[in-house]
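Inspection log for the structure reproduced underneath, given as structure tokens.
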């Protein structure tokens with residue numbers, strides 16, 4: 001399926017995801033991720049199905065933490081994130097960020113990254129630097145402010161549990177359907193899983209409920225022979 005954030009049939013992409021996000025995982029999952037990474041780097045045979053299942057499980061496991069940090073920095077922590085970023089990136093990048101903020105009126109890093117002129121105002125090297133530093137700072141903030149973020153983590157856990165339940169229900173609906181309709185539904189579920197689990201997006205549960213209601217209604221319709 002084209003356009004996915006993470007291709008679960010591509011071992012290199014999956015190992016890269018583990019390398020990028022395993023530090024967010026509890027010790028047991030982090031150790032298993034490192035074992036997969038080492039095996040791949042050493043050229044050992046890695047079972048794609050097993051690797052893919054672990055990547056999915058770990059992505060679900062760390063989602064509440066990713067959600068918590070994103071929610072915090074999108075609200076009361078926006079200035080905290082900006083200040084930490086300009087103190088950590090290279091001096092030239094920090095100067096460019098401050099000049100961009102003054103010229104556009106952006107009040108947060110999120111607004112800067114979403115601005116129409118961001119890609120033209122910053123070179124690829126600077127955009128990559130900002131992305132990497134941001135992830136490192138968010139991980140550091142999460143580890144050092146776990147208690148502060150606990151309410152957001154709990155909220156994120158409720159959301160991801162609801163997403164998993166609804167996406168499993170979507171997949172279950174495909175059973176017994178003609179192949180084309182089943183493929184459409186499974187691709188829809190895969191697309192949502194990719195966006196939520198791996199890209200880390202927050203898709204409202206109401207959206208998934210609407211999808212479920214639509215396909216349940218479709219399943220009740222008679223199928224033309």
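Take the conditions (1) part of a helix (DSSP H, G or I); (2) loosely packed, with under 15 Cβ neighbours inside 10 Å; (3) in contact (Cβ under 8 Å) with a residue 40 or more places away in the chain; residue 9 misses just one of them, which is (1). In segment 89-108, the qualifying residues are those that are at pLDDT 95 or above and buried (at least 16 other Cβ atoms within 10 Å of the Cβ), and the one that is nearest to the chain's Cα centre (by Cα) is 89.
Only residues that are within 20 Å of the chain's Cα centre (by Cα) and in a helix (DSSP H, G or I) were counted across segment 187-225, and they come to 16. The sole residue among 50, 45 that is within 28 Å of residue 197 (Cβ to Cβ), in the same structural domain as residue 200 (by TED's automatic domain parsing) and either at pLDDT below 95 or not in a helix (DSSP H, G or I) (or both) is 45.
Rundown of residues vs (1) within 16 Å of residue 119 (Cα to Cα); (2) part of a helix (DSSP H, G or I), yes/no style:
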position	(1), (2)
56	no, yes
60	no, yes
63	no, yes
68	no, yes
72	no, yes
76	no, no
85	no, yes
98	yes, yes
101	yes, yes
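Do any residues in segment 85-102 that are outside the structural domain of residue 122 (by TED's automatic domain parsing) and farther than 17 Å from residue 134 by Cβ have Cβ atoms under 7 Å from those of residues that are in a helix (DSSP H, G or I) and at pLDDT below 95, where the two are at least six apart or on different chains, and which pairs are they? Sorted first by the residue in segment 85-102, then by its partner, the list stays empty.
Could you grab me the full set of residues in segment 119-148 that are over 16 Å from residue 61 (Cβ atoms) and not in a helix (DSSP H, G or I)? Before the answer, list the steps.
Just the residues of segment 119-148 that are over 16 Å from residue 61 (Cβ atoms), to begin with: 119-138, 140-141, 144-145, 147-148.
Those that are over 16 Å from residue 61 (Cβ atoms) and not in a helix (DSSP H, G or I): 122, 123, 145, 147, 148.
Condition check: out of contact with any strand residue (DSSP E or B) (no Cβ under 6 Å at 6 or more places or on another chain), farther than 21 Å from residue 19 by Cβ, surrounded by 12 or more Cβ atoms within 10 Å (Cβ to Cβ) and at pLDDT 95 or above. Does residue 138 satisfy that? Considered against the rule, which asks whether it is out of contact with any strand residue (DSSP E or B) (no Cβ under 6 Å at 6 or more places or on another chain), farther than 21 Å from residue 19 by Cβ, surrounded by 12 or more Cβ atoms within 10 Å (Cβ to Cβ) and at pLDDT 95 or above, residue 138 comes out as no. The residue list 121, 114, 27 contains one member that is free of Cβ contacts under 8 Å to residues at least 60 places away in the same chain and over 22 Å from residue 136 (Cα atoms), which is 121.
Taking segment 159-186, which residues are outside any helix (DSSP H, G or I) and surrounded by fewer than 15 Cβ atoms within 10 Å (Cβ to Cβ)?
Matches in segment 159-186: 175, 176, 178.
The values are calculated or read from the model by the stated rules, or taken from the named source; none is laboratory data. Please read all numbers here as calculations on a predicted model, not as lab measurements. Cβ atoms come from the backbone with ideal geometry, glycine included; neighbour counts cover every protein chain shown.
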